[in-house]
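See below for the structure under consideration.
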Amino acid sequence: RYRNIYESLQDVYVETTLDGTVLDVSPQIEKLTQGQYTSEHLRGRSSIAFYTDPRQREAFMGALRATGRVLDFEIAFQNADGSSIPVSVSAKLACDASGRPERILSTLRDITERTQAEQSLRAAEEQFRGLVEQSIAGICILQDGRVRYANQRFADIFGYNGAAELIENDVLS
């Protein structure tokens, strides 16, 4: 029963020692890595070699040791061909009978689409901001009666030195 659950997970299950040696990894690793790694290939190897930036491993371990678990920790892993795979890691420390941490149980979720959407959104925001900042029209965004954004042209029209002077002003008073 548990084997069926394990093999049908959408995410990749990974179990490692505290030093990063892979004890077990679910078959979904093949899909995540586009066939570049298999469970058999990874067992017994150090997971540390797959971090695109070793500092990410240090940050991950620091967060894990601090609370005993992490949720949605973003890391980029390196595929066999050198490509980067953005993943979200959720993990917890598994302890022995005396309560000492001995293993890390984690799941990896491919967040490629999410990171691409975030990059597209940032690019669109930069493009929009560029258009608004260069506009000959004064533009102001109000929320709850307060100025949340104003471009320089808007500040000029109303005699302010800069748009920053307007932010958070209550326009109703």
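The values are calculated or read from the model by the stated rules, or taken from the named source; none is laboratory data. These numbers were taken from a predicted model, which means no experiment stands behind them. Here the Cβ is made from the backbone with ideal geometry for all residues, glycine too, and neighbour counts use every protein chain on show. The accessibility values were calculated without ligands, DNA or RNA, using every heavy atom of the protein model including side chains. Shrake-Rupley method; radii C 1.70, N 1.55, O 1.52, S 1.80 Å.
Points worth noting:
- Each of residue 161 and residue 24 was given a label point 7 Å from its Cα along the Cα-to-Cβ line. The distance between the two points is 6.6 nm.
- Using the 1.4 Å probe convention, the accessible area of the chain works out to 64 Å² per residue with neighbouring protein chains retained.
- The angle between the Cα long axis of helix 54-67 and the longest principal axis of the Cα atoms of the chain comes to about 80 degrees, rounded to the nearest 10.
- Helix 112-133 and the long axis of the chain differ in direction by around 10°, with both axes built from C-alpha atoms.
- The helix-based estimate of mean residue ellipticity at 222 nm for the chain, built from -39,500 (n - 2.57) per DSSP H run of four or more residues and divided by its residue count, is -9500 deg cm²/dmol to the nearest 500.
- Within the accessible area of segment 1-114 (1.4 Å probe), percent carbon and sulfur: 51
- Rounded to the nearest 20, the size of the Cβ-charge dipole of the chain about its Cα centre is 480 debye, with Lys and Arg at +1 and Asp and Glu at -1.
- Whole-angstrom gap from segment 100-170 to segment 30-44, using each part's C-alpha centre: 40
- A Förster radius of 35 Å combined with the Cβ-Cβ distance from residue 169 to residue 126 puts the calculated FRET efficiency at roughly 0.85.
- When the Gaussian network model of the chain links Cα atoms closer than 10 Å, the mean-square fluctuations of 65, 100, 146 top out at 146.
- Computed from the C-beta positions of residue 81 and residue 115 and an R0 of 30 Å, the FRET efficiency is 0.95 to the nearest 0.05.
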